[in-house]
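Enquirer: The following block contains the structure, expressed as structure tokens.
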Amino acid sequence: MIALFIGGEKSGKSDLALERFLDLPAPRTLVVTGKAQDFSFRRRIEAHRQDPRRSGAQMRVAEAGIDLAAPLARHAENGVASLLVDSLDYWVFAVLEAEGETGLATRVGELVDTLDSFARAGAPNVVLVSCEVGLGPIAASPEIRAFVRSLGECNRRIAGTCDEATFCAAGLPMQLKTR
């Protein structure tokens with residue numbers, strides 16, 4: 001089972017994804033993609049770590065860099081039954097910064113291939129979280145427009161391979177796709 005939870009900033013998508021993830025079989029691994037760049041983001045990461053639902057008893061925590069597909073495959077090879085990736089938007093930003101749009105297209109392709117292989121094998125379960133940033137006005141900055149365009153394309157490709165897709169707004173889930 002592969003599921004995508006997508007929504008705006010502070011929409012409740014991570015909490016809803018975590019609830020779904022904790023219903024899945026153990027062993028579980030949370031794969032985080034965000035790197036603390038400032039004090040406020042470090043506080044946010046620490047608050048997530050202090051959440052008892054994310055404790056070591058519930059899951060292991062691993063960090064991922066711009067190569068997201070390979071670590072997910074390694075976790076699967078090591079017998080992890082369920083993976084939570086939080087979040088694709090931080091990953092897309094990091095890849096764009098390091099490798100540009102061409103590099104991102106390659107990385108998204110690798111991730112989609114990995115998810116497709118998991119779906120064919122029937123394991124592991126994967127829950128992915130991503131922001132939906134394309135609902136607002138068109139950004140004035142070319143860099144922000146490139147990010148919005150790239151994240152939108154990534155989200156579309158991931159949603160295409162998922163069994164489930166849920167849009168989150170105001171903490172409420174709206175089912176977009178079920179198989």
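Enquirer: Okay, helix-only estimate at 222 nm for the chain: each DSSP H run of n ≥ 4 adds -39500 (n - 2.57), divide by all residues, round to 500 deg cm²/dmol; what do you get? Please list the in-between numbers first.
Expert: Details: 5 runs with 85 residues, N = 179.
Roughly -16000 deg cm²/dmol at 222 nm, from the helical runs in the chain.
Enquirer: Based only on Cα atoms, what mean projected area does the convex hull of the chain have, in nm²?
Expert: 10.0
Enquirer: Right, another one. Tell me, what HN-Hα J-couplings in whole Hz come from the Karplus equation 6.51 cos²θ - 1.76 cosθ + 1.60 at θ = phi - 60° for each residue of the stretch 148-154, using x for Gly and Pro?
Expert: Computed from phi, the couplings for the stretch 148-154 are 4, 4, 5, 5, x, 5, 4 Hz.
Enquirer: Could you pull out every residue, at least 5 positions away or on a different chain, whose amide H is within less than 5 Å of the one on residue 2? Hs are placed 1.01 Å off N in the peptide plane, and Pro or chain starts have none.
Expert: Close amide H contacts, sequence-distant or interchain: 126, 163, 164.
Enquirer: Right, here's the next one. Percent relative contact order of the chain, based on C-alpha pairs within less than 8 angstrom and at least six residues apart?
Expert: About 38 percent, as a whole number.
Enquirer: Separate question: Short version: ³J(HN,Hα) in whole Hz for each residue of the stretch 171-178, in order, from phi by Karplus 6.51 cos²θ - 1.76 cosθ + 1.60 (θ = phi - 60°), x for Gly and Pro, what are they?
Expert: Karplus-based 3J(HN,Hα) across the stretch 171-178 equals x, 10, x, 10, 5, 9, 8, 9 Hz.
Enquirer: Provide the per-residue ³J(HN,Hα) series for the stretch 106-115, in order, calculated from phi with Karplus coefficients 6.51, -1.76, 1.60 and θ = phi - 60°, each as a whole number of Hz, with x at glycine and proline positions.
Expert: Whole-Hz 3J(HN,Hα) from phi for the stretch 106-115: 5, 5, 5, x, 5, 5, 4, 4, 5, 5.
Enquirer: If you count the DSSP beta bridges with both ends in the chain, what percent of them are antiparallel, to the nearest 5?
Expert: Close to 15 percent.
Enquirer: Along Cα→Cβ, 7 Å out, is where each label goes; now give me the distance between the ones at residue 149 and residue 67 in nm to one decimal.
Expert: 2.9
Readers should treat all values here as calculations from the given coordinates under stated rules, not as data from a laboratory. Keep in mind that what you see is a predicted model, and the values were worked out from it rather than measured. Backbone-built Cβ (ideal geometry, glycine too); neighbour counts: all protein chains shown.
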